[in-house]
Amino acid sequence: MTDLWQDPRETPEARVADLVPRMTLREKVSQLSGIWWLDPEAGGMAPMLRETLGAQPDWDELVQDGLGQLTRTFGTAPVAPREGLELLARRQRDVVAANRFGIPAQAHEECLTGLAVWGATVYPSPLCWAATFDPDLVQRMGGRIADSMRALGVHQGLAPVLDVVRDARWGRVEETLGEDPFLVGLMGSAYVRGLEEGGVVATLKHFLGYSASRAARNLAPVSAGPRELADVFLPPFEMALRAGARSVMNSYTDIDGVPAAADPELFTALLRDQLGFEGTVAADYFSVAFLESLHRVAADLGEAARLALEAGIDVELPSPKAYDAPLLAAVTAGLVDEKTVDRAVSRVLRQKCELGLLDPGWAPVEPADVDLDDAESRALALEVAQRSIVLLANDGALPLREGVTVALVGPRADTPQAMQGCYAFPMHVLVHHPEVDDGLTIRTVREALAETYDLSYAPGCPVLSGDDDDLAAAAATAAAADVCVVVLGDQAGLFGRGTSGEGCDVPDLRLPGRQEELLEALIETGTPVVAVLLVGRPYDVSRLAPRLAALVCGFFPGEEGAQAVADVLSGRVNPSGRLPVSFPDSGSSQPWTYLSPTLGRLTDVSSVDPTPLFPFGHGLSYASATWGAVTATSGPRWDTDGTCEVEVELANHADRAVSEVVQVYLHDVSSSVVRPVQQLVGAARVDLEPGAATTVRFTLHADLTSFTGRDRVRIVEPGPVELWVGASSADVRAVVALDLAGSSRQVGHDRALEPEVTLTSR
């Protein structure tokens with residue numbers, strides 16, 4: 001007879017309620033952590049890795065009472081799919097055989113730029129997703145990544161990152177979706193839908209306020225008030241939870257002295273009680289132990305376990321440190337209530353139930369040869385890259401004419417590493433295995449451009465350092481050509497081993513190394529210079545940008561990024577990306593975000609002008625849509641509990657396809673608290689073939705105007721507002737004046753978070 005907990009016909013809640021009382025305390029605790037079975041060479045991936053995990057434990061002893069998660073079976077060292085599947089299946093069979101209930105482990109992997117395993121497609125970085133302003137495309141990408149994960153027996157992906165950029169000096173900017181909470185939520189929730197509809201648990205990172213660390217230093221304390229947390233950092237998580245995310249990961253930082261991993265206000269009062277989240281909270285790697293070793297709020301690991309568990313951290317990752325013997329001892333000593341353990345294990349088991357891991361007859365995926373970088377995936381990676389390239393400036397030099405001689409220069413011109421961020425497998429893991437190839441083909445800009453143009457090449461300088469002779473040689477190469485294309489940017493890495501990436505924070509936004517000197521030398525030749533930036537953050541290029549013939553930004557565009565860059569430079573693709581982060585101007589101060597109030601912008605009371613060189617939402621094209629009328633069809637009255645409609649007419653009078661991103665910003669004329677001058681509340685990418693015309697209609701609920709009032713309650717406040725409709729935050733094509741009429745209204749987490757957008761052909 002099948003026990004109730006094994007019956008798939010029963011609800012997950014009923015099954016878990018039947019199972020948990022049958023388990024011993026040790027069996028429960030065993031479900032609350034993962035195991036990272038490290039390769040001997042894996043210790044270099046993060047500082048203190050070996051020290052934090054300790055000696056490699058005995059495998060049989062670890063799994064004898066069950067196991068919560070298997071950490072990065074594929075993503076720790078280069079293993080072929082069949083080899084990894086054999087390893088995962090063997091470990092899962094060990095886990096099932098060892099524990100009384102035959103419960104397998106939940107397997108997780110990183111998936112920030114695609115599944116981070118050897119030979120899997122490297123998709124563009126999240127900044128690129130955001131630059132597309134195309135949530136449908138990002139959702140397709142998420143679904144494709146989920147297919148790869150399921151084929152390998154992986155249940156959970158540690159992405160997306162929903163941290164809103166507040167200071168571009170932070171090393172993890174490359175992992176984010178930009179500086180606007182609406183855009184971060186829009187694109188992040190699209191990715192979540194792709195993963196979750198593909199059967200993979202999405203994990204939202206990092207709850208909450210991680211990117212507001214002081215001076216942009218990784219893991220530094222956060223100075224953010226409750227209003228900033230509620231109105232800037234929280235909305236993307238609200239949107240992604242509504243999209244179906246089933247896991248959340250904590251931030252490493254502390255807010256006003258309380259580490260996130262030990263904060264029940266965040267993970268119980270806010271996430272559970274207010275937002276209604278019913279999934280699992282996974283500890284960012286080592287963060288439970290960090291309560292003792294870094295934050296110093298716990299005297300020992302047992303106290304760290306108590307603080308984290310009571311706060312609402314259900315699973316300790318990547319391996320058991322505090323949620324092991326220290327937690328068992330704390331429960332036995334009466335320092336931790338076993339009911340708190342029951343709460344966490346119930347959530348873990350409910351998710352395993354949803355994944356089918358408690359069903360009779362469950363079996364691991366059998367070893368097979370799996371193509372993780374097939375033609376369809378590469379084509380999708382190319383499409384995302386093409387739609388993410390941002391043309392920042394152009395004096396007519398682009399697209400490059402046929403037959404011109406091109407001097408290709410720069411440290412990022414002839415390396416596949418230029419296309420990849422720090423969480424791409426080759427940059428994250430293979431740097432520790434130099435004897436192993438990438439497992440896939442990643443071309444360079446030099447290789448892609450050489451198919452179309454007569455190239456001469458000189459590197460000029462590396463990303464960091466360099467010598468005068470190489471700078472001079474590059475200038476000579478440029479002087480002999482019709483046009484010079486210089487490819488500049490970052491070397492992605494981890495914890496100081498790069499110029500961008502986790503732990504690679506910077507004190508200023510000057511281009512790394514001698515790259516600005518190289519650019520100056522090239523400009524001095526008199527040859528028109530087209531600069532291409534392959535970067536993980538926006539840089540201050542204001543000193544030289546006005547003297548460039550053109551400036552292109554690609555962020556980290558993935559394995560097909562070189563082809564996308566070549567397609568844009570040649571004109572085969574009409575550039576249509578838009579900036580998810582502002583580029584600073586000379587003399588501007590950091591941190592900067594376009595979400596600034598009046599006194600955060602240029603004023604007469606400060607000598608510092610923070611106006612960006614290239615603003616949020618900016619992007620040029622070779623041919624653009626023609627804007628027609630912008631009208632509020634619902635009239636000037638906008639009820640505080642109603643909707644308004646704004647229509648934008650677009651037409652394509654060009655001889656090629658065009659793509660426009662219509663952006664709608666809210667400007668609150670006056671309010672009871674200080675508000676940003678403008679903030680994005682709607683955006684729509686519109687593709688038009690030659691001769692086509694369309695009307696874009698935004699139906700905006702008054703909830704989109706809400707903010708946290710003086711009493712820290714979110715309200716829709718009556719009064720005059722304006723909708724600034726345009727092609728960027730600085731390129732406003734029309735101002736729609738409206739009056740929010742009615743009484744002030746409190747709104748909750750069930751409020752409208754996005755406008756309804758419809759396109760009607762004309």
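Please label the shape of segment 389-600 as rounded, prolate or oblate, based on the square roots a ≥ b ≥ c of the eigenvalues of the alpha-carbon gyration tensor (a/c under 1.5 means rounded; beyond that, a/b larger than b/c means prolate, else oblate).
It is rounded, given that a/c, with a ≥ b ≥ c, falls under 1.5.
ARG387: net charge of surrounding residues, Cβ under 14 Å, Lys/Arg +1, Asp/Glu -1, itself excluded?
The answer is -3.
Mind jotting down the distance between the C-alpha centroids of segment 487-516 and segment 223-267, whole Å?
27 Å
Can you tell me what share of the DSSP beta bridges in the chain is antiparallel? A percent to the nearest 5 is fine.
Percentage antiparallel, nearest 5: 55.
Can you return the aspartates and glutamates within cross-link range of LYS28? Criterion is Cα-Cα under 14 Å, with same-chain partners fewer than 8 residues away left out.
ASP18, ASP65, ASP314, GLU316, ASP324, ASP337, GLU338, ASP342
What nm value, rounded to one decimal, do you get for the distance between LYS339 and ARG217 when each label is placed 7 Å out toward the C-beta?
A separation of 4.2 nm, rounded to one decimal place.
For the pair TRP362/ASP468, report the inter-label distance in nm, with labels modelled 7 Å from Cα in the Cβ direction.
About 6.7 nm, to one decimal.
Please give the Cα centre distance for segment 294-364 versus segment 716-762, rounded to the nearest Å.
Result: 44 Å between the Cα centres.
Taking the Cα atoms of the chain alone, what are Rg (to one decimal) and Dmax (as a whole number) in Å?
26.2, 84
For the Cα atoms of the chain, what angle does the longest principal axis make with the long axis of helix 181-197, in degrees from 0 to 90, nearest 10?
So the helix axis and the longest Cα principal axis differ by about 50 degrees.
Mind listing which trypsin sites (Lys or Arg not before Pro) in segment 66-117 are in a DSSP loop and have 12 or fewer other Cβ atoms within 10 Å?
Those satisfying the criteria are ARG100.
Just to confirm the filter: which GluC sites (Glu not before Pro) across segment 254-355 are DSSP coil and have at most 15 other Cβ within 10 angstrom of their Cβ?
Here the GluC sites (Glu not before Pro) that fit, given the DSSP loop and packing criteria, are GLU278.
What are the ³J(HN,Hα) values, in whole Hz, obtained from phi via the Karplus relation 6.51 cos²θ - 1.76 cosθ + 1.60 with θ = phi - 60°, for each residue of segment 398-404 in sequence order, with x given for Gly and Pro?
Per residue, the Karplus-derived 3J(HN,Hα) values read 10, x, 4, 6, 5, x, 6 Hz.
So how much slack lies between ARG543 and LEU25, counting 0.36 nm per residue of separation and subtracting their Cα-Cα distance, in nm?
Residue separation times 0.36 nm, minus the Cα-Cα distance, leaves 180.1 nm.
Can you compute the FRET efficiency between THR268 and ARG227 using 1/(1 + (r/R0)^6), with r the Cβ-Cβ distance and R0 = 25 Å? Round to the nearest 0.05.
0.75
If I take R0 = 30 Å and measure r between the Cβ atoms of ASP18 and GLU86 in this structure, what FRET efficiency does the formula 1/(1 + (r/R0)^6) give, to the nearest 0.05?
0.30
What FRET efficiency would be calculated for the residue pair ASP641, ASP7, taking the C-beta separation as r and a Förster radius of 30 Å, to the nearest 0.05?
About 0.10, to the nearest 0.05.
To make sure I understand the rule: partners must be lysines, Cα under 23 Å from the Cα of LYS205, and not fewer than 8 residues away in the same chain. Which ones qualify?
The reachable lysines, counting only those whose Cα sits under 23 Å from LYS205, are LYS321, LYS352.
Each value in this text was obtained by applying a stated rule to the coordinates, not by laboratory testing. Quick caveat: nothing in here was measured; it's all calculated off a predicted structure. Note that we place each Cβ from the backbone using ideal geometry, even for glycine, and neighbour counts take in every protein chain shown.
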